[in-house]
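One structure is given below, encoded as structure tokens.
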Amino acid sequence: MSNLRMISIPMKVADLVRTTMKSPGYGHPAHKEIAGGYGPCRLCLRTFRVEHEERLLFTYDPFHEVAPYPLPGPVFIDAEGCTRYELHNTFPEDLRAHALTLIG
């Protein structure tokens, strides 16, 4: 049995970015755009409909205060809102069609 868990960003992080239009912990401005790629959204873990949905791009470190070194990176979330992915022991359906590299 695999111990792999799929954990999306916290809802409070997405809400903060949507409200302030700034990246948490860094204060960099978030960028709003029409999806030019499939994503995925780091909250619902679904892919974007390219050239149809709006998304927010911002800097985020999911391991802030957990890892000894900063690990910030660019992430996307749905601009209008979505539901947080909660099936931690199941690989997201939308991502199964894409070649991915997972870093543990």
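No lab work stands behind these numbers, since they all come straight from the coordinates. What you see is a predicted model; the values in this text were computed from it and never measured. Note that each Cβ is placed from the backbone with ideal geometry, even for glycine, and that neighbours are counted across all protein chains shown.
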TODO: Subtract the Cα-Cα distance of Ala67 and Met11 from 0.36 nm times their separation in residues, and report this length gain in nm to one decimal.
DONE: 18.1 nm
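For the stretch 11-97, give me the percentage of DSSP beta bridges that are antiparallel, rounded to the nearest 5 percent. Can you show the working numbers first?
Values: 11 of 12 bridges.
Taking every DSSP beta bridge within the stretch 11-97, about 90 percent pair in antiparallel fashion.
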TODO: With a ≥ b ≥ c taken as the square roots of the eigenvalues of the C-alpha gyration tensor of the stretch 1-90, please select rounded if a/c is under 1.5 and otherwise prolate if a/b is larger than b/c or oblate if it is not?
DONE: oblate
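Once the Cβ-Cβ distance between Ala97 and Thr20 is put in as r, and R0 is 35 Å, what FRET efficiency do you end up with, to the nearest 0.05? Numbers along the way, then the final one.
Details: r = 33 Å, r/R0 = 0.95.
E(calc), rounded to 0.05, equals 0.55.
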- [ ] For each of Thr20, Thr59, count neighbouring Cβ atoms within 10 Å of the residue's Cβ, then give the residues from fewest to most.
- [x] Thr20, Thr59
- [ ] Please work out the FRET efficiency for the pair Lys32 and Thr83, using the Cβ-Cβ distance as r and a Förster radius of 30 Å; give the result to the nearest 0.05.
- [x] 0.90
Task: the chain, relative contact order [Cα under 8 Å, separation at least 6], % - done: 29 percent
TODO: Considering the options Pro29, Leu71, Phe58, tell which one lies farthest towards the positive end of the dipole of the chain, charges being +1 on Lys and Arg and -1 on Asp and Glu at the Cβ, about the Cα centre.
DONE: Leu71
Open item on the list: Charges at C-beta only: +1 for Lys and Arg, -1 for Asp and Glu. How large is the resulting dipole of the chain about its Cα centre, in Debye rounded to 20?
Closed with: 120 debye
Task: Cβ-Cβ FRET estimate between Glu51 and Asn3, R0 fixed at 30 Å, reported to 0.05 - done: 0.20
